[in-house]
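Notes for the one structure printed next.
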Amino acid sequence: MMFLDRILAAIHKAHPEIEPLHINEDGWLEGEGVVRIPSHPSWYYPKLSTPHGDPIAIVCHASATKPGTGVNMAKNRARPRTKDDRPASWHVSVESNSIVQQAPFHAGCWHAIGQIKGAGPANRVSVGIELVGFEKGPWPEGQVTNAMRLWRVLVQSYGIKRSLSMVPHAVIDPARRSDPGKPWMANHAQAVLDYAYAP
């Protein structure tokens with residue numbers, strides 16, 4: 001416990017500006033820096049296939065796009081999907097200065113084809129989070145802070161087990177995917193989860 005207290009003290013010292021987020025009854029984020037751009041329903045399943053309709057896992061992705069593209073990616077899914085669109089969607093994009101939500105957390109987005117061990121089909125049981133950027137990074141401090149805020153409200157609101165709280169896309173689809181990448185997992189994932197699960 002003392003070790004965890006030291007971690008939290010260091011986090012709060014480095015990030016005194018961390019503001020908590022809230023998830024409303026409709027599954028949407030509320031709080032500072034949140035941008036809501038709802039996807040058209042043609043981009044996702046209307047509900048998750050979990051016992052209570054809440055997510056039981058979180059899948060972590062890297063968007064492979066430049067910082068600042070989160071809003072445009074969301075706007076591209078605010079219109080009806082056509083037969084020419086690649087059927088890819090997710091719940092939230094995390095930027096340094098914003099958290100862009102596209103779908104409510106009880107919806108099933110199309111972000112990872114495959115199974116999560118101990119949970120089920122990824123698209124049917126999990127939240128998909130895109131870290132806006134490339135696998136090699138860099139991952140700016142503001143973006144890591146926003147990830148801390150997001151992961152904390154998700155795991156606290158839905159009671160997500162730590163073992164299922166940051167499943168790399170690479171683990172679900174190793175033949176085709178390697179995101180979010182070793183730099184994120186090695187340098188930031190632990191701190192984000194320590195903050196998320198702190199008392």
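The values are calculated or read from the model by the stated rules, or taken from the named source; none is laboratory data. This one's a predicted model, so the numbers in the text were calculated from it and none came from an experiment. Cβ: placed from backbone, ideal geometry, glycine included. Neighbour counts: every protein chain shown.
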## Note on the structure
(1) under 28 Å from R86 (Cβ atoms); (2) over 12 Å from the mean Cα position of the chain (by Cα) all hold for P199 apart from (1)
### Query
Restricting the search to the stretch 145-173, which residues are in a helix (DSSP H, G or I), hydrophobic (A, V, I, L, M, F, W, C) and either in contact with a strand residue (DSSP E or B) (Cβ under 9 Å, 6 or more places away or on another chain) or free of Cβ contacts under 8 Å to residues at least 24 places away in the same chain (or both)?
A147, L150, W151, V153, L154, V155, L164, A170, V171, I172
### Query
Restricting the search to the stretch 119-139, which residues are in a loop (DSSP other than H, G, I, E, B), of a type in the set (G, A, S) and surrounded by fewer than 24 Cβ atoms within 10 Å (Cβ to Cβ)?
A119, G137
### Task
Tally the residues that are touching a Pro at 6+ places or on another chain (Cβ under 8 Å) and either without any contact (Cβ under 8 Å) to a residue 12 or more places away in the chain or assigned to a loop (DSSP other than H, G, I, E, B) (or both), restricting the search to the stretch 107-118.
3
### Query
In this structure, is K83 surrounded by fewer than 22 Cβ atoms within 10 Å (Cβ to Cβ), out of contact with any helix residue (DSSP H, G or I) (no Cβ under 6 Å at 6 or more places or on another chain) and touching a residue at least 24 places away in the same chain (Cβ under 8 Å)?
no
### Message
Here are the criteria: (1) in contact with a Ser or Thr (Cβ under 6 Å, 6 or more places away or on another chain); (2) part of a loop (DSSP other than H, G, I, E, B); (3) buried (at least 22 other Cβ atoms within 10 Å of the Cβ). Tell me which single one W90 does not satisfy.
### Response
(1)
### Message
If I go through the stretch 35-78 residue by residue, how many of them are surrounded by fewer than 18 Cβ atoms within 10 Å (Cβ to Cβ), small (G, A, S) and assigned to a loop (DSSP other than H, G, I, E, B)?
### Response
5
### Query
From the list G128, G70, G120, which one is modelled with pLDDT of 95 or more, in contact with an Asp or Glu (Cβ under 7 Å, 6 or more places away or on another chain) and within 24 Å of V153 (Cβ to Cβ)?
G70
### the stretch 140-177, subset farther than 14 Å from Y195 by Cβ and in contact with a Cys (Cβ under 9 Å, 6 or more places away or on another chain), residue surrounded by the most Cβ atoms within 10 Å (Cβ to Cβ)
H169
### Task
Output the residues belonging to the stretch 19-28 that are assigned to a strand (DSSP E or B) and either closer than 11 Å to R149 by Cα or free of Cβ contacts under 8 Å to residues at least 24 places away in the same chain (or both).
H22
